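The values are calculated or read from the model by the stated rules, or taken from the named source; none is laboratory data. All figures in this text were calculated on a predicted structure; none of them were measured in a lab. Glycine also receives a Cβ, built like all others from the backbone with ideal geometry; neighbour counts cover every protein chain displayed.
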């Protein structure tokens, strides 16, 4: 799936909460600024659905996401959270970070790219587990 042209899918609650954090600017670190700008653009074209109608395999806030780095064939487990709950030691990743921005709103089987210090990497979402 081409994540550049496919709109993300979000519950209305997640959409509104993410928009709140983006607009407050309080949680936006300089390092996350470019990702946050990209996420704000994604929100404008997002498909908004009622939470009970959201597909179970879509990454939303507080989802445990298993993603595979296709180049290194390495599996990572991350939880996508609001910026105030981010904790790298617990692998809780802010939705405003490059990784969180790349994953939110996409689903199991989707391929996503995100920038890392060494360049751009391609990942596949293998599993999404809701809390």
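Between 67, 116, 128, 124, the distinction of being more than 19 Å from residue 7 (Cα to Cα) and modelled with pLDDT of 95 or more belongs to 67 only.
May I ask you to verify whether residue 112 is in a strand (DSSP E or B) and on the phi < 0 side of the Ramachandran plot?
On the way: in a strand (DSSP E or B): yes; on the phi < 0 side of the Ramachandran plot: yes.
So residue 112 passes the test.
Checking each residue in region 38-55 for being loosely packed, with under 10 Cβ neighbours inside 10 Å and outside any helix (DSSP H, G or I) picks out only 50.
Which of the following residues is without any contact (Cβ under 8 Å) to a residue 40 or more places away in the chain, in contact with a helix residue (DSSP H, G or I) (Cβ under 9 Å, 6 or more places away or on another chain) and more than 24 Å from residue 17 (Cα to Cα): 81, 116? From the options 81, 116, the qualifying one is 116. Only one of (1) touching a residue at least 12 places away in the same chain (Cβ under 8 Å); (2) part of a loop (DSSP other than H, G, I, E, B); (3) surrounded by fewer than 23 Cβ atoms within 10 Å (Cβ to Cβ) fails for residue 96. Which number is that? Only one criterion is unmet by residue 96, namely (3).
Taking region 116-128, which residues are in a strand (DSSP E or B) and exposed (fewer than 14 other Cβ atoms within 10 Å of the Cβ)? Before you say what the answer is, go through the steps one by one.
Residues of region 116-128 that are in a strand (DSSP E or B), as a first pass: 116, 119-128.
Those that are in a strand (DSSP E or B) and exposed (fewer than 14 other Cβ atoms within 10 Å of the Cβ): 116, 119, 120, 122.
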